[in-house]
Structures are given as C-alpha cells and as structure tokens.
Amino acid sequence: RTELALKETMSSGGAEDDIPQAERKTVTDFCYLLDKSKQLFNGLRDLPQYGQKQWQSYFGRTFDVYTKLWKFQQQHRQVLDNRYGLKRWQIGEIASKIGQLYYHYYLRTSETSYLNEAFSFYSAIRQRSYYSQVNKEDRPELVVKKLRYYARFIVVCLLLNKMDVVKDLVKELSDEIEDYTHRFNTEDQVEWNLVLQEVAAFIEADPVMVLNDDNTIVITSNRLSETGAPLLEQGMIVGQLALADALIIGNCNNQVKFSELTIDMFRMLQALEREPMNLASQMNKPGMQESTEKPARRENPHKYLLYKPTFSQLYTFLAASFKELPANSVLLIYLSATGVFPAGRSDSEGPYDFGGVLTNSNRDIINGDALHKRNQSYKEMHCLHPGDLYPFTRKPLFIIVDSSNSVAYKNFTNLFGQPLVCLLSPTAYPKALQDQSQRGSLFTLFLNNPLMAFLFVSGLSSMRRGLWEKCQDYLRKINRDIAQLLTHSRSIDQSFLQFFGDEFLRLLLTRFIFCSATMRMHKIFRETRNYPESYPQLPRDETVENPHLQKHILELASILDVRNVFLENTLDDY
C-alpha cells in the first residue's frame, strides 16, 4: 500500500527518480505511520468493553503511534504537501482520531481530565478550519466524516458543560447538514435531522434557568467539587468503604437522549465524578505515566454506561465489575428504567414475584418467548428482578432504582450480611406537577442537582445568579445537618453508616434524605407512592421527618418566597 501511495502521489510531481532520497523516505515513513495508526485504531473495536486491565497496553500503543504521526506531519508539512499532496482534511482526520482516543479513554477510566484533552483536539480542528475544504470535493463520504466530527465534539462539550460552544456547534452542524443533503440528495437526511432534534431536546432538558444580570444563562456544574460533600466531623463513626465501580443503566421509553446517553444517565454520571483538572503535559499519553506521577487526590470511581442493555449484556458487565471490585470497595448500580409488573398473581412473595425494571429484548432472542406470553405463571423474562441481584450482594452493594416499579426492590433480603442499601424513587408523581418525565426523572434530578429540583417542585422556572448562590450555600448547611442526623441516629441500619465514609455516597445519601423530606412536606405530594423509599428503611423521625430538617426546608422556601407550597405543621398531618 505504501509503494502504491508513493507512486500515485509522486507521479504528479514529475519523474519518480527526480525526487531526493530524503523526501522519498519522509513520504514512505508517513505512509507507514498512517497505515499503522488506522490499523491500531480499527483494532480498538475488537477489545472487550468490560474488564479494566486488558485494554490498557493496546491503548498505550495506539496513542504512541498517533503521537508520532501528529508530530511527524507537523515537522514535515512542507514535503508532505509537495510530494504526498497532504490535504487539510487529512490532518483534521488525524486530530479527530486523537480526540476520539481521549474520549474513549475517558469512558474506560472515568477520568474527566481526558475530556479536556479531547476538547482541545476537537477545538483545534474547528479553529484551524481543517475540514473547511471538504465541501469543495465531490465526495459525500468526506462530508459525513465532517458531520460525525461535529456530533462527537458536541458529546464532549455536553459532558464538560460547555453549553455556549454546544449551541454554536449545533448551528454549524445544522448548516452543514442542509448543505450536505442539498448537494448529494442522500438517504440519511432523516437520521442527521434526528441528531439535531436530539441534541436540541438535550440542551433544553433542565427545568430551571439560572440567569446572570445581563440575562445570559449561567452554566452550573454538578460534579463533585472540593466543597461538595459534607465533611465528616469529629465523633462521626462511619465505615471506610470506597466507591470503586458503578453501572449506570438507562432503559426508559421516551426519555430525551443523545449518543446512547439518556438525560438520567447523563445526570447520574456527573454525580459520580469530580470536577475535571487540566492534565499536565506528561499525562498526554494515557496509560504511559509512571505510578509515581499519579495525581495525589483520589480518582473517580470507574463506571460502565449501558444504554438499553439486554439482560445478558447487563449481567456480563455486572459480573465483570463484581469480579474486579477491590477489597473494602463498593459497587453502585443505578437503574433508570421503565417498570415491569408481574403478569399473573402469585401466592408467594419471593424476589421474583414483584417484577422489576425493563431490560432490552431487541438483541436477546430467547427460545420460549412465545410460550412465555401464553403462560401467566412464568416470570417476566426481559426484566431485571430483585432476585437477579442477590448473587452480587456477596460484596458491598449500593443500588439506586428510578422507576415506576422501584418498590419491587423494597423486598430485598440481605443474605450475606454485607453492607447493602437500595434508594428507591417514587413510583408516581402528583398529577398537578406538569409531566417532565421525558426531560428526565425528578428523583434523579434531586440526586444530581437538588436545588434545581427544589425550585422545580416549587413552581419556579428561572432565578438570578445571586439568589441561586445564596440558596446553594444554605443547601450546603442543610447537607451538613443531615449528615449529623444520620451519624447521630440511634436506630439507623448500620449499612447506611458503612457507606457514609465515601464522599460520593455520602452526598447521594444526604440528597436522598433532602429529596424525601421535601416531598413529604410538599402540599401536592400526598400519596405514599409520591415518596422515595429505601431498603433498609430509614428511621423517619430521625431523618426524613425530623422537625429540625423540616424547619430548614421551610427556611429555604422562605428565601425563595415559596413557603406557601409547603405544609407548615407537617408532624400534625400524620
């Protein structure tokens, strides 16, 4: 292939023999690196998606070749222009591949700093207009490369909360799609327009806008910051477990999504990440750094993002996480999925008698599916039942279920005596609350951005930055008090305290209690099914119905002038 490329590219420049040996070697070396990089990049698809170690050396080799290729084309640009006919879109293609490598490295490691690296390469392509000449060539496949680059860049910007850049990119992508479909009359027009619709819906999913004085929108981040989780105070006796791995599963029908991320998955993954740092230059080759150079602070928990998985996919990833879970660590399972209810009546009350949440049936063709439809005594097959998780309770397990059948997981049994907690969403929301389910679940919003959720249930849709920051400060105080309530409780199940030593889990638990207390005090949340629940149950009087906490919530409502939305004497109403 290299010889062929040489002959083709050099034939236009006169006789092959006229070309100096050094320049011939430059083109040969470039072709070799280009071939090698493509070969390694394509091989990434064959790596297993689960398991944390098998892929690292392969990624390292791929990064090495791309780093060499990038530097090589920079150093020899003149020769490659003259003798190889290197086009700007080809340089863009290399930069785009490096951006993709960084993004996939982020997906595999959950280290947010790699997102910044992906962003810088994608930005360079746009700033230097590497793809600008593509439209002049009569090759639709090149234009598709450009469109795909835009879609990938948008995903990275969404994950970094760079919403202003996203809006610019969407406008540019829209123009590019229009030009592409106009010129080539292609069949994939509908698909590309769907991409635009999906990202537009994704941007507008937040129910509340925070505004600057000039009415521009404030971009709020919901990753864990230094001041995020309430600090452990002296005398708080908590476990030493650390959250090491998480499965984030999204299988809701009709929920806003973009690029295999539902809005619930997007919110939850950010609740399990720290604010990204900019990587120092020595870390620009992932997998290559020495252990001595690792950042001093604790890393993010590793996570798998599973969009509409089948039962067998879900179980495979779950088993891989379970197998690789280090000692004294916690596995978190987050399920945002449509509820599956039992088809027939059952006399028993076992872990397979209450239904569960939906798993995807598209890719799992199970024999006997037709038989299953006929016989009411069989259990639902495309469903993750509470019993399916029992084998994994041999290690510390923290489960969050956001579903219309979340209560199925209330019937858990702790068989092995390991720390086990399930946080369960309400199974229905009051009719008076406008239906937001398509734009993400209210319960998950409380776990990701409790203040925004509080504003939404209070009927507010926008707010000034100054007031927002004042309320955030007050919410931090509430979180500190909730932490004290939990750790000072005399009757709380020890599982909650064993998980409380981890920053991420501590924040999720305090937000869960804030969510539950808010809903119990709200005038329109009056049915039991409107409230979150947990396994094991929390002592209500010491946590979600504690008068001290209720006073705080009324105070927060007063700051926002929405006290009339909440009940004043809640304890008298039970």
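The values are calculated or read from the model by the stated rules, or taken from the named source; none is laboratory data. For clarity, every value in this text was computed on a predicted model and none was experimentally measured. So basically every Cβ, Gly included, is an ideal-geometry build from the backbone, and we count neighbours across all protein chains shown. In case anyone asks, the SASA skips ligands and DNA or RNA and just uses the protein heavy atoms, side chains included. Shrake-Rupley method; radii C 1.70, N 1.55, O 1.52, S 1.80 Å.
Heavy-atom accessible area for ASP214, with the other protein chains in place and a 1.4 Å probe, reaches approximately 110 Å².
Loop-located GluC sites (Glu not before Pro) across the stretch 497-547 with a Cβ neighbour count of 14 or fewer within 10 Å are GLU527, with loop assigned by DSSP.
Figure note: ASP18, ASP245 ranked by solvent-accessible area, largest first, 1.4 Å probe, ligands and nucleic acids not counted: ASP18, ASP245.
For the set ASP213, ASP179, solvent exposure ranked by accessible area (probe 1.4 Å, protein chains only) runs largest to smallest as ASP213, ASP179. Per-residue Karplus couplings for the stretch 27-32, computed as 6.51 cos²θ - 1.76 cosθ + 1.60 with θ equal to phi - 60°, are listed in order as 5, 4, 4, 4, 4, 5 Hz, Gly and Pro entered as x. Quote the Stokes-Einstein diffusion coefficient, in whole µm² s⁻¹, for the stretch 21-207, based on the Kirkwood radius over alpha carbon pairs, a temperature of 37 °C and a viscosity of 0.692 mPa s. The estimated diffusion coefficient comes to 183 µm²/s. At the residue level, LEU442 shows approximately 20 square angstrom of accessible surface with a 1.4 angstrom probe and all protein chains present. Against the longest alpha carbon principal axis of the chain, how many degrees, from 0 to 90 and to the nearest 10, is the axis of helix 311-324 turned? It is inclined by approximately 90 degrees. The spacing between the stretch 137-172 and the stretch 100-119, judged by their C-alpha centroids, is 17 Å.
With a cut-off of at most 15 other beta carbons within 10 Å, and DSSP calling the residue loop, which trypsin sites (Lys or Arg not before Pro) in the stretch 515-574 qualify? Please list them. For trypsin sites (Lys or Arg not before Pro) across the stretch 515-574 that sit outside H, G, I, E and B with at most 15 neighbouring Cβ atoms in 10 Å, the list reads LYS523, ARG526.
Amide H to amide H, with H built 1.01 Å from N, GLY440 comes under 5 Å of VAL256, counting only residues 5 or more places away or on other chains.
Can you give the local net charge around PHE446? Use residues other than it whose beta-carbon is closer than 11 angstrom to its beta-carbon, Lys and Arg +1, Asp and Glu -1. Net of charged neighbours comes to +1. Enumerate the aspartates and glutamates that LYS38 could reach by cross-link, defined here as Cα to Cα under 12 Å, with residues fewer than 8 away along the same chain left out. Once the sequence-local aspartates and glutamates are set aside, what remains near LYS38 is GLU93. A simple rule links phi to the HN-Hα coupling: the Karplus curve 6.51 cos²θ - 1.76 cosθ + 1.60 with θ = phi - 60°, which for the stretch 89-102 gives 5, 6, 5, x, 5, 5, 4, 5, 5, 5, x, 5, 4, 4 Hz, with x for Gly and Pro. Take the convex hull of the alpha carbons in the chain; its mean projected area over all directions comes to 31.2 nm². Secondary-structure-derived ellipticity at 222 nm for the chain, considering helices only, amounts to -14500 deg cm²/dmol, per-run term -39500 (n - 2.57) for DSSP H runs with n ≥ 4.
Of all aspartates and glutamates in the structure, those lying under 15 Å Cα to Cα from LYS162, and not within fewer than 8 positions of it along the same chain, are GLU117, GLU204, ASP206, GLU275. Compute the helix-to-body angle for 2-11: its Cα long axis versus the longest principal axis of the chain, expressed 0 to 90° and rounded to tens. For helix 2-11, the angle is close to 50 degrees.
Determine the shape class of the stretch 445-546: with a ≥ b ≥ c the square roots of the Cα gyration tensor eigenvalues, call it rounded for a/c under 1.5, and otherwise prolate if a/b is greater than b/c, oblate otherwise. Cα axes put the stretch 445-546 in the oblate bin. Taking the DSSP beta bridges with both ends in the chain, the antiparallel portion is around 25 percent. Excluding same-chain residues fewer than 8 positions from LYS36, which lysines have a Cα within less than 24 Å of its Cα? Answer for LYS36, where 24 Å is the Cα cut-off: LYS7, LYS25, LYS53, LYS68, LYS71, LYS87, LYS97, LYS145, LYS146, LYS285, listed by chain and number.
The angle between the Cα long axis of helix 56-75 and the main principal axis of the chain comes to about 40°, on a 0 to 90 degree scale.
For TYR304, the residues 5 or more places off, or on other chains, whose built amide H falls under 5 Å of its own are ALA246, LEU247, ILE248. Sorting LYS97, LYS25, LYS303 on solvent-accessible area from highest to lowest, probe radius 1.4 Å, gives LYS25, LYS97, LYS303.
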